[in-house]
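K.L.:
Can you read through this structure? Questions will come right after.
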Amino acid sequence: MIVTRFAPSPTGRLHVGNVRTALLNWLLARKEGGRFILRLDDTDTQRSTEAFAQSIRDDLAWLGMAPDAEEKQSARMDRYEAVLSELAAAGHVYRAYETPEELELKRKVLLGRGLPPVYDRAALSLTEADHARYEAEGRRPHWRFRLDPALPHQWDDLVRGPSHIDPASLSDPVIRRADGSWLYMLPSVIDDVDMGITHVVRGEDHVTNTGVQLQMFAAMGKPAPHFGHAALLTGADGALSKRLGSIGVSEFRARGIEPLAVKALLARLGTSLPVEPVTSDEPLIDSFDIANLGRATARFDETELERLNASILHQTDHAAISGRVSLTETEWLAVRGNVSTLAEAESWKAVITGPIIASAPAEEDRAYLAEAARILAGLAFGPEVWAELTDALKAATGRKGKGLFMPLRLALTGKANGPDMAALLPLIGREEALRRLAA
Ligand code: GLU
């Protein structure tokens, strides 16, 4: 069975890039009948908060992507400790004592000689006596993972195809700080093993991490999951804009964007499939194939999201939104083609029920509106009432086109644009329509 995970750090709110990563993992799990796990990477106890963790849960729930299970790294510290001991016994990890200043100096010397600034592994030659001496001095070690050309470092990326790192060109990564706190790399691998993760889908900023983590899976004697790295999102202008980092679910909600629109756009961005106004998750799930993702950066365009939101609403059945707006089915069908958000639909409900605020009619339209009221009073208020009214007015006044319709629309809705009057007028009703024409 396929098991995927979305692994944010609860140190801030999700932004659109995180939402896309979550969505890709969710789609993969749903498509294959698998499980989708939310793993909170909260080893950074200074910056992680329960409030951010809750905002992540809330955002996923709003998106309709609630996880099948939740895990927290902060609850698994004993396990990480145990694996570290095993890896130490097998020589895959080692203690080092260099201060940041010493490391910086080493880097500068190497760069000065035109060499790559790779850690020289001086700590590997420390003897037990050296360790004892450091300990006696009150110095605490940090831990590094020993990269090894003999361990696997290539993989067939689900998006990028055959990929590899060169273990010799990288510094042995620090996996645990001197204060005992964990960096992300090793705990993530231990979790992926313990939680049976089969597929890791994340942003391409993690490609190098993947090469390193493959070595960690091997060092633990465990098979690695499949990895796929999605190209990053850019703003509409093609740049890795700062703004994208601030757009998230609260912004979508405030702007009346539907969860489905977010999913419909992000599921297809950067893929070979077109963005389509779907009315349910199913077509997105059914058509999902991680191999459809391309290697080029994908543009996230807020105007495209707004347009997509509108076209989705234009096709949405009343049943799908009935709990969220006060419009009846007939009212919804009358207005949906003209709205970009549900809030706009709600404002049409207010126009239908009234009272409305309409500006006083132009001088030359007063007699015309009085005539319209007189004719309307004599008509049966059926579905054809708008056609009957305008036909009769055309015959009586000789008006046509805009001169015929616009004064009526303005008087009856207070607005110059909107849904088809033929659908609106029966909903406004006889009494209210006559009142508006007379006003
Ligand atoms: N917490 C990591 C991040 O947000 C998780 C990366 C991963 O998916 O492994 O970047």
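K.L.:
Consider GLY17 against the criteria (1) away from the ligand (no atom under 16 Å from the Cβ); (2) farther than 30 Å from ARG139 by Cα: it satisfies all of them except one. Which criterion is unmet?
P.N.:
GLY17 satisfies every listed condition except (1).
K.L.:
Out of the helices (runs of 4 or more DSSP H) lying entirely within region 3-104, which hold 2 or more residues that are in contact (Cβ under 8 Å) with a residue 40 or more places away in the chain and either on the phi > 0 side of the Ramachandran plot or of a type in the set (Asp, Glu) (or both)?
P.N.:
Fully inside region 3-104 and qualifying: 50-62.
K.L.:
Next up: Does ALA310 fit the bill of being closer than 26 Å to ASP205 by Cβ and touching a residue at least 24 places away in the same chain (Cβ under 8 Å)?
P.N.:
no
K.L.:
Looking at GLY256, is it on the phi > 0 side of the Ramachandran plot, away from the ligand (no atom under 16 Å from the Cβ), touching a residue at least 60 places away in the same chain (Cβ under 8 Å) and touching a strand residue (DSSP E or B) at 6+ places or on another chain (Cβ under 8 Å)?
P.N.:
no
K.L.:
Quick check on my filter: what residues within region 191-213 are β-branched (Val, Ile, Thr), over 14 Å from LEU38 (Cα atoms) and either in contact with a Lys or Arg (Cβ under 7 Å, 6 or more places away or on another chain) or within 9 Å of the ligand (Cβ to nearest atom) (or both)?
P.N.:
Of everything in region 191-213, those that are β-branched (Val, Ile, Thr), over 14 Å from LEU38 (Cα atoms) and either in contact with a Lys or Arg (Cβ under 7 Å, 6 or more places away or on another chain) or within 9 Å of the ligand (Cβ to nearest atom) (or both) turn out to be VAL193, THR210.
K.L.:
Taking the condition in a helix (DSSP H, G or I), surrounded by 11 or more Cβ atoms within 10 Å (Cβ to Cβ) and not hydroxyl-bearing (Ser, Thr, Tyr), does VAL109 pass?
P.N.:
Yes: the conditions hold for VAL109.
K.L.:
Let me ask another. In contact with an Asp or Glu (Cβ under 6 Å, 6 or more places away or on another chain), within 16 Å of the ligand (Cβ to nearest atom) and either closer than 25 Å to ARG35 by Cα or at pLDDT below 95 (or both): which single residue out of ALA231, ALA224 fits that description? Before you say what the answer is, go through the steps one by one.
P.N.:
Numbers: ALA224 fails: in contact with an Asp or Glu (Cβ under 6 Å, 6 or more places away or on another chain).
Within the list ALA231, ALA224, the selection yields ALA231.
K.L.:
Under the condition of being of a type outside the set (A, V, I, L, M) and touching a residue at least 40 places away in the same chain (Cβ under 8 Å), which residue from region 418-434 is surrounded by the fewest Cβ atoms within 10 Å (Cβ to Cβ)?
P.N.:
Top of the filtered list is ASP420.
K.L.:
Pull up region 21-79, narrow it to residues that are of a type in the set (Val, Ile, Thr) and surrounded by fewer than 16 Cβ atoms within 10 Å (Cβ to Cβ), then point me to the one that is farthest from SER250 (Cα to Cα).
P.N.:
Taking region 21-79 and keeping what is of a type in the set (Val, Ile, Thr), we get 21, 37, 43, 45, 49, 56.
Applying the additional criterion that residues be surrounded by fewer than 16 Cβ atoms within 10 Å (Cβ to Cβ) yields 45, 49.
Details: THR45: 25, THR49: 18 Å.
Restricting to residues being of a type in the set (Val, Ile, Thr) and surrounded by fewer than 16 Cβ atoms within 10 Å (Cβ to Cβ), the top hit is THR45.
K.L.:
Cβ-Cβ under 6 Å, sequence separation 6+ or interchain: first residue in region 180-200 and closer than 12 Å to ALA224 by Cβ and touching a residue at least 24 places away in the same chain (Cβ under 8 Å), partner assigned to a loop (DSSP other than H, G, I, E, B) and within 12 Å of the ligand (Cβ to nearest atom). Which pairs?
P.N.:
Pairs found: ASP192/PRO225; ILE197/PRO225; THR198/PRO225; HIS199/PRO225; VAL200/PRO225.
K.L.:
Right, next: One residue is enough: does region 154-167 have a residue meeting the conditions within 30 Å of ASN292 (Cα to Cα), polar (S, T, N, Q) and either within 16 Å of the ligand (Cβ to nearest atom) or exposed (fewer than 14 other Cβ atoms within 10 Å of the Cβ) (or both)?
P.N.:
Looking for residues that are within 30 Å of ASN292 (Cα to Cα), polar (S, T, N, Q) and either within 16 Å of the ligand (Cβ to nearest atom) or exposed (fewer than 14 other Cβ atoms within 10 Å of the Cβ) (or both), one finds at least one in region 154-167, hence yes.
The values are calculated or read from the model by the stated rules, or taken from the named source; none is laboratory data. All of these numbers come straight from a predicted model, not from anything done at the bench. Quick reminder, even Gly has a Cβ in these numbers, built from the backbone with ideal geometry, and neighbours come from all protein chains shown.
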